[in-house]
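Pasting in a structure now, in C-alpha cells, and then I'll have a few things to ask.
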Amino acid sequence: MDLHINGTDYTVAEGSGRLLVYTLRDELGLTGTKIGCAAGFCGACTVMVEGVARRSCLTPLAEVEGKSITTIEGLARRAEDGAWLLHPVQQAFVDAQVPQCGWCMSGQIMTAAAYLGQNPAPTEEELVAAMAENYCRCGCYHRIRRAVVAAAGQSVQAGSEEAA
Amino acid sequence: MSDKIAKAPEKVAGQPGRSRWRPTRRGFLIGAGIVAGGVALGYTYGVPWVRLQMAGIFDGAEGPPGSFPKEPWAWFEVLPDSRIRLYLMKVEMGQGVHTALAQVAAEELGIGWADLDVAQASTERDMGDSLMTSGSSSVTGLFEPLLAAAATFRSMLAGEAASLLGLPADQVVVAGRSFADSADAGRSVEFYTVATSRAEWEVPQEVTPLKRWQEYSVIGQSLPRVDIPAKVTGQAIYGMDARVEGMKYGAVVRPPTLVALPKSFQAGQAGEVEGVIQVVIADDFAGVVAESRAAAQAAVARIDATWDEGHRWQQAELEQLVTVGGSGGVVIQEVGDVSRWLGGEGTLTAEYRTPLAVHTPLEAQAALADVQPERVRVWCSTQGQGFVRGQVAKAIGVDEKIVEILPTYVGGGYGRKAGWEVAIEAARLSQAAGVPVHVGWTRAEEMRYGYFRPLTHHLLSGRVEKDGSLVAIEHRQASGDVAFDFLPPFMSAVMGADFGAYRGATIRYDVPNKRTVAYRRDMPLRTGWWRGLGLLPNTFAVESFVDELAHGAGMDPLAFRLRNLGDEGDSGRLKRVLQAAAELGEWGKPAPAGRARGIAATIDVGTPVAMVAEVSVDGGSGKVRVHKIAAAMDCGLVVNPDGAIAQVEGNIMWGVGSALIEELAVQDGQVVATNFDRYPLLTIQDAPEVAVVLVDSGDGKPRGVGEPPLGPVVPAIANAFFALTGRRIRQLPMNEARVKAALA
Ligand code: FES
Ligand code: FES
C-alpha cells in the first residue's frame with residue numbers, strides 16, 4: 001500500500017484497517033505525530049490530509065491511501081537557498097515560546113495550520129473555537145492563543161505578499 | 001518491501017569529545033523505516049540544540065539526598081567544534097529547566113549562549129545526584145553547585161590556555177570558542193585544543209571566585225528555551241517515541257478492581273493473535289510481546305486471568321474514609337493555645353472537601369527496555385531515573401550496575417512520571433522475549449492504574465476580633481498518602497503525618513493562636529505525588545476559610561489579609577505579593593457587569609504567590625466562567641523571567657481545571673474514567689486571560705516556581721464565586737451540579 005507523506009512516497013504493508021497514527025509512529029518512525037487518547041478527544045495526533053486537519057488515531061489507512069498527508073515533520077519548507085523555513089504557525093509558536101512539555105504541540109500546530117490554510121483571516125473567536133478540541137495538559141492556552149492570533153496576522157500578510 | 005524503504009541512519013548527537021571524560025556514545029534510531037532522502041530536519045537557531053544524546057547521572061536511590069556533582073568533568077565536555085556541552089541530570093518536562101540551568105552554567109563559563117550545548121545525562125554518567133526532578137527544586141538546588149562547577153571549569157581551561165599561549169593567566173580572555181590574548185586578539189587557542197592538550201587534569205584546591213549576583217548578565221534574561229525548536233518541529237523524542245532496531249511492542253494484563261489480587265494467569269487464546277511473539281506469564285504478572293501495539297493489546301485481552309476482586313469500593317465510602325477525627329492526628333503547627341479561643345460564641349467553623357484527581361499527562365507512561373545478559377538499557381519518560389534504575393534491577397533480578405536509564409523528554413510529568421511501573425513492565429517483557437520491548441500505556445491505563453491526588457477533608461475554625469485581627473485559627477485536615485507511598489515504611493512510622501499531604505496546610509497569617517493537625521488516611525488505592533502535593537487542596541480550604549472570616553468580620557478580603565500580616569520576613573513578602581496582585585487584578589475597582597473578584601495567597605517552598613480571579617456564572621447552566629486571573633509571585637532572583645511566567649500560566653490553567661471540572665470518580669470498585677470523555681480537561685475556550693507580575697525581594701536567591709502558583713488559583717475562584725453570589729461552595733470541583741445546588 002502506498003502512502004504519500006510530506007512529499008515522499010512510502011510503501012507499507014497491506015492492511016487497510018490499520019490506524020494512521022500507529023503506521024506513522026511505529027512503522028515509519030514519524031514520531032512527530034503524537035498520541036494522547038487514541039479516541040478522538042485530545043487532538044495530539046492531528047495531521048493534515050489534503051490540507052484538512054484529521055485525527056490520525058481515528059483514520060484507517062484505507063481512507064488516506066494515495067492522498068497527500070502532511071505531518072509536523074513536513075510542515076517546514078526549504079527556502080531557495082536551502083535553509084529551512086518554519087511554517088508561520090511554527091514560527092509563531094517559537095516566538096511566543098508556547099510549548100511546555102510539548103507533547104500536544106504537533107497537534108496544536110497542525111490544527112492551526114490547517115485552519116489558517118482554509119480561513120486565512122479569521123476572528124480571534126473563530127480561531128479559539130478552531131483550537132477548542134486540542135487539549136494542553138500543561139496549560140499553555142494563553143500562549144497558544146497569542147501564537148495563533150499572531151500566525152493568523154502573519155499568514156494574512158504572507159498571502160497578500162504572494163498575491164502582490 | 002519497496003526499495004524506497006531504507007534504514008534510517010543512526011541519529012547520533014554531537015561528536016566524541018575527549019576520552020578522559022567522554023561518555024560512551026549510543027546510537028538511537030528514529031524509527032525503523034525512514035525513507036532514504038526523506039526529511040531530516042536540522043535547524044540552525046543560534047541557540048543550543050538539546051541533543052538526545054543520553055548518558056548517566058544519579059547514583060541510584062541510595063545516595064544521600066541533595067548530593068551534587070562536585071567535579072566539573074561530570075557536568076561539561078568540550079566538543080570538537082569547541083562548543084561546550086552541559087550534561088544535566090534534571091529532565092525537561094516543559095518547566096524550562098534545561099534552559100534555566102544552561103543560563104546558570106553560561107553565566108560562569110563566560111562563553112556565548114550559542115556556544116553552549118545542553119544534553120540530558122543518563123544514569124551512566126555518574127553525576128551523583130540522587131534527587132528527582134520534582135518539588136520545584138531543580139534550579140534552587142543546583143544553582144550554587146553549578147555556578148561553582150562552571151567557574152572552576154572555565155578557570156582550569158583558561159589556565160591551560162594561558163600556558164599554551166605563554167601568557168600569564170590573567171591575560172587570557174574568552175573570544176568566541178577560543179581563549180585569546182587580551183592584548184592581541186590574533187593570538188588565540190580554541191577550547192577543543194586546550195581541552196585535548198592534557199591527558200590528566202587537576203581540579204584546583206582553591207575555590208574559584210564567583211560573580212556577585214548584581215553582575216549577572218545571562219541569569220535574569222528571558223532567553224528562548226533550548227527545547228522549543230525541537231518541540232515545534234516534531235523532532236523532540238519522548239519515552240513514547242523511543243525506538244531501536246528490532247524492537248517489539250508489549251502490553252500487560254490489568255486488574256479489574258482497585259484492590260484486586262491475581263489468582264492465576266493462563267495464556268488462553270492470546271498466542272493465537274496474529275503478530276504475537278511471546279505470551280509472558282508469571283505469578284504476579286502477565287503480558288504479551290507482539291509485532292505491533294494493536295496485536296499486543298488484542299492478545300493481552302485474551303489472556304485468561306482470575307482474580308480475587310476484593311471489596312468493590314464506592315465513592316461515598318472513600319469520602320467517609322477520608323474524614324477528620326478519631327485518633328492519629330499529628331499536630332504539625334502549634335502556636336499559642338487555640339482551645340482557649342475556639343468553640344464558643346463568635347467562632348466560625350467550616351468544612352471543605354476535595355476529590356480524587358488524576359494527572360493524566362498527554363504522553364502516557366512509556367518505556368523502551370532492552371534487556372541483555374550483560375547490559376540493560378531503558379529509555380523512558382521519567383522524573384526519577386535513579387529510582388527507576390534500582391526498581392528495574394530489582395524486578396528483573398540483575399545488578400543495578402549493569403542497568404542504564406536514559407531519560408527522554410517528558411511529555412507531561414506533574415509528579416506522575418516519578419513512578420517506575422512502565423519501565424519494569426517493559427524490562428520484564430524484554431527479559432522474557434530477548435528483544436527490546438516498548439510499552440506505552442493506553443489512556444485507560446493512565447486513568448486507572450497509576451496513582452492519584454488523594455481525597456482530602458478539612459475542618460476549620462477561627463475567631464476574629466472586632467478590629468479585624470485574627471485571634472485564633474485551627475485547621476484539621478485528613479488526606480490519603482502523598483509521599484508515604486514512595487518512602488520506606490520506617491519513615492512514615494517516624495513522621496506519622498505525611499509531609500506531602502499537609503503541604504500548604506499550616507496557617508501563614510500572623511495569628512497569636514494557630515494550630516494545624518494532619519490525619520493520615522490509608523486509602524484502598526494508590527495516591528501520591530501530584531503537582532504541588534497537598535498544596536492545592538490545603539490552600540483551597542485555608543484561603544477559602546480566611547475569606548469567610550473576612551466576610552464574617554465585615555471586612556474587605558484584601559484589607560483583612562493585610563491587617564493580619566506583619567511587614568517583616570515571609571509575612572512582608574506575602575503582603576507585597578497580595579498588594580501587587582490586587583493592583584494588577586484591579587482589586588477595589590468595580591468589576592464588569594455580572595462579574596466579581598476574589599483574592600487568595602499562599603507561600604510555598606519559600607515563594608509567596610497571590611492571585612485575583614474574576615468570574616461570572618451562568619445561573620441557568622450552573623457553569624462558572626473564569627475570565628481573568630492576575631498573579632503576583634516573589635520567586636526571588638529569577639533565572640529566566642519568561643520561563644517563570646510560563647510556569648505561573650500553566651499552574652493557573654491546571655488550577656482552573658481542578659476548581660471547575662476535575663474529579664476522578666470511583667464506582668463498583670473501579671475508577672470510572674477510561675478516557676477524556678469521563679475526565680475532561682480544561683480547553684482553550686474556558687481558559688482565562690492571565691496577567692503575571694514577578695516581584696523580587698532582592699536578596700539574590702532563586703526560589704522555586706514550578707508549583708507555588710498552583711496554591712491560590714482555586715480559592716481565588718471560590719472566593720470570587722462567593723463575592724458574586726453570596727454562596728460558598730466548599731467541595732471541589734465547582735461543577736455545574738454543585739453550582740446549581742448552591743444557587744438554589
Ligand atoms: S490521540 Fe487522536 S485525538 Fe487524542
Ligand atoms: S505542552 Fe504539555 S500538553 Fe501541551
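Expressed as a rounded percentage, what relative contact order does chain A have, with Cα pairs under 8 Å and six or more residues apart?
The normalised contact order for chain A reaches 23 percent.
Can you give the mean number of other chain Cβ atoms that lie within 10 Å of the Cβ atoms in peptide A:63-72?
Mean inter-chain Cβ contacts per residue within 10 Å come to 1.
Okay, next question. I'd like to compare B:86-94, B:717-725, B:733-741: which one has the highest average count of other Cβ atoms within 10 Å, and what's the full order after that?
B:86-94, B:717-725, B:733-741
List the residues, sorted by chain then number, that are 5 or more residues from B:Arg187 or on another chain and whose placed amide H is less than 5 Å from its amide H.
Correct list: B:Asp181.
Would you compute, for the Cα atoms of the stretch A:1-157, the largest minus smallest coordinate along each principal axis and list the three values in descending order, in whole Å?
Rounded to whole Å, the extents work out to 43, 39, 26 Å.
Can you pull the percent of chain B's accessible area that's carbon plus sulfur, 1.4 Å probe, other chains left in place?
50
Of all GluC sites (Glu not before Pro) in the stretch A:42-72, which ones are in loop regions per DSSP and have a Cβ with at most 16 other Cβ atoms within 10 Å?
Answer in residue order: A:Glu50, A:Glu65.
Could you estimate the translational diffusion coefficient of the protein assembly as shown from the Stokes-Einstein equation, with Rh from the Kirkwood formula over C-alpha pairs, at 10 °C and 1.306 mPa s, in whole µm²/s?
Estimated via Stokes-Einstein, D reaches 55 µm²/s.
Could you tell me the calculated FRET efficiency between A:Arg78 and A:Val52, based on Cβ-Cβ distance and R0 = 25 angstrom, to the nearest 0.05?
It comes to 0.60.
For B:His627, list long-range residues whose amide hydrogen, built 1.01 Å from N in the peptide plane, is under 5 Å from its own amide hydrogen.
B:Glu614, B:Val615, B:Ser616
What is the stretch B:589-744 by shape, rounded, prolate or oblate, if you read a ≥ b ≥ c off the alpha carbon gyration tensor as root eigenvalues and call it rounded for a/c under 1.5, prolate for a/b larger than b/c, and oblate otherwise?
oblate
Further question: Using a probe radius of 1.4 Å on heavy atoms only, what accessible surface per residue do you get for the protein assembly as shown? Whole Å² is fine.
For the protein assembly as shown, the solvent-accessible area averages 36 Å² per residue.
What do you get when you divide the Cα radius of gyration of the stretch A:77-163 by 2.2 N^0.38 Å, with N the number of residues?
Relative to the 2.2 N^0.38 Å estimate, the stretch A:77-163 comes out at 1.07.
I need to check one value: relative contact order of chain B, counting alpha carbon pairs closer than 8 Å and at least 6 residues apart, in percent.
Here the relative contact order equals 13 percent.
Two decimals, Cα atoms only, Kirkwood Rh: what is Rg/Rh over chain B?
The Rg/Rh ratio comes out at 0.99.
Can you list the DSSP H helices in chain B whose Cα atoms extend at least 27 Å along the helix axis and whose mean Kyte-Doolittle hydropathy is -1.0 or higher?
Flagged H segments are B:138-165, B:641-660.
So which residues of the stretch A:91-109 lose at least 40 Å² of accessible area, probe 1.4 Å, when you go from the chain by itself to every protein chain present?
When all protein chains are present, A:Val94, A:Gln97, A:Pro99, A:Gln100, A:Cys101, A:Trp103 each give up 40 Å² or more of accessible surface.
Relative contact order for the stretch A:2-74: what is it in percent, counting Cα pairs under 8 Å that are at least 6 residues apart?
41
Another question, then. How are the alpha carbon pair distances in the stretch B:179-310 distributed across 10 Å bins from zero to the largest one, expressed in percent?
Spelled out per bin, shortest first, that is 10, 18, 17, 14, 11, 16, 11, 3, 0.
In square angstrom and rounded to 100, what buried accessible area do you get between chains B and A, total over both, with the probe at 1.4 Å?
5000
Let me ask something else. Calculate what fraction, in whole %, of the accessible area of the stretch A:2-74 sits on carbon and sulfur atoms when a 1.4 Å probe is rolled over the protein chains.
Percent of accessible area from carbon and sulfur atoms in the stretch A:2-74: 53.
Taking the stretch B:426-456, which trypsin sites (Lys or Arg not before Pro) meet the DSSP loop condition and have no more than 10 other C-beta atoms within 10 Å?
Of the trypsin sites (Lys or Arg not before Pro), not one in the loops of the stretch B:426-456 has a Cβ with at most 10 other Cβ atoms within 10 Å.
By DSSP, what percent of the beta bridges with both residues in chain B are antiparallel, rounded to the nearest 5?
Bridges in chain B are about 70 percent antiparallel.
I've got another one for you. Please identify every one of the GluC sites (Glu not before Pro) in the stretch A:71-147 that sits in a loop by DSSP and has no more than 15 other beta carbons within 10 Å of its own beta carbon.
A:Glu80
Tell me, what ³J(HN,Hα) does each residue in the stretch B:310-322 have, in order and in whole Hz, if you take phi through Karplus 6.51 cos²θ - 1.76 cosθ + 1.60 with θ = phi - 60° and put x for Gly and Pro?
Residue by residue, the stretch B:310-322 yields x, 5, 8, 5, 10, 3, 5, 5, 5, 4, 5, 4, 8 Hz.
What number, rounded to the nearest 500 deg cm²/dmol, is the helix-based mean residue ellipticity at 222 nm of chain B, given -39500 (n - 2.57) per DSSP H run of at least four residues and division by all its residues?
Taken over chain B, the calculation gives -8000 deg cm²/dmol.
Collect residues whose amide H, placed 1.01 Å from N in the peptide plane, falls under 5 Å from the amide H of A:Ser68; neighbours closer than 5 in sequence don't count.
So A:Ser68 has HN proximity to A:Glu50.
Listed highest first by mean packing, meaning other Cβ atoms within 10 Å per residue, what order do B:453-466, B:402-415 come in?
In decreasing order of mean packing, B:453-466, B:402-415 become B:402-415, B:453-466.
At R0 = 51 Å, how high is the FRET efficiency between B:Asp677 and B:Trp213 if r is their beta carbon distance? Nearest 0.05 is fine.
Approximately 0.50, to the nearest 0.05.
OK, next. Looking only at the protein assembly as shown, where both bridge partners belong to it, what percent of the DSSP beta bridges are antiparallel (to the nearest 5)?
So the antiparallel bridges amount to about 75 percent of the total.
Once the Cβ-Cβ distance between B:Ser327 and B:Trp113 is put in as r, and R0 is 51 Å, what FRET efficiency do you end up with, to the nearest 0.05?
My answer for the efficiency is 0.30.
Specify which residue in the list A:Tyr22, A:Phe41, A:Cys57 is farthest towards the positive end of the charge dipole of the stretch A:2-74, using unit charges on the beta carbon of Lys, Arg (+1) and Asp, Glu (-1), about the Cα centre.
A:Phe41
Using helices alone, what [θ] at 222 nm do you get for chain A, with -39,500 (n - 2.57) per DSSP H run of 4 or more residues, divided over all residues and rounded to the nearest 500?
Theoretical 222 nm ellipticity from helices: -10000 deg cm²/dmol.
Using only Cα atoms, what Kirkwood radius does the stretch B:338-389 have, in angstroms?
16.6 Å is the Kirkwood radius here.
Could you state the angle between the C-alpha long axis of helix A:105-118 and the longest principal axis of the C-alpha atoms of chain A, as a value from 0 to 90 degrees rounded to the nearest 10?
With rounding to tens, the tilt is 70 degrees.
Which residues, if any, in the stretch B:630-661 have at least 20 Å² less accessible area in the whole protein complex than in the isolated chain, probe 1.4 Å?
For the stretch B:630-661, once contacts with the other chains are taken into account, B:Asp642, B:Ala646, B:Glu649, B:Gly650, B:Met653, B:Trp654 lose 20 Å² or more.
Average partner chain C-beta neighbours within 10 Å, per residue of A:126-138?
That works out to 5 on average.
Going out from 0 in 5 Å bins, what whole percent of all Cα-Cα distances in the stretch B:642-705 drops into each bin?
Bin by bin from 0 Å, the calculated values are 4, 13, 19, 17, 13, 11, 9, 7, 4, 3, 1.
Any idea which of B:Phe265, B:Ile237, B:Ser182 is furthest toward the positive side of the dipole for the stretch B:167-281, if Lys and Arg beta-carbons carry +1 and Asp and Glu beta-carbons -1?
B:Phe265
Have a look at the stretch A:2-74 and give its Rg and Dmax from the Cα atoms, expressed in angstrom.
Computed over the Cα atoms of the stretch A:2-74, radius of gyration and Dmax are 10.7, 29 Å.
Dipole magnitude of chain A about its Cα centre, charges +1 at Lys/Arg Cβ and -1 at Asp/Glu Cβ only, in debye to the nearest 20?
I would put it at about 600 debye.
Going by a 1.4 Å probe on protein heavy atoms, which residues of the stretch B:214-241 end up with at least 40 Å² less accessible surface in the whole assembly than in their chain alone?
When all protein chains are present, B:Ile228, B:Lys231, B:Val232, B:Gly234, B:Tyr238, B:Asp241 each give up 40 Å² or more of accessible surface.
The values are calculated or read from the model by the stated rules, or taken from the named source; none is laboratory data. Bear in mind that the values here come from a model prediction, so they are computed numbers and not experimental data. For neighbour counting, all protein chains shown are included, and Cβ atoms are generated from backbone atoms with ideal geometry for every residue, glycine included. Note: accessible area is taken over every heavy atom of the protein model, side chains too, but ligands, DNA and RNA are not part of it. Shrake-Rupley method; radii C 1.70, N 1.55, O 1.52, S 1.80 Å.
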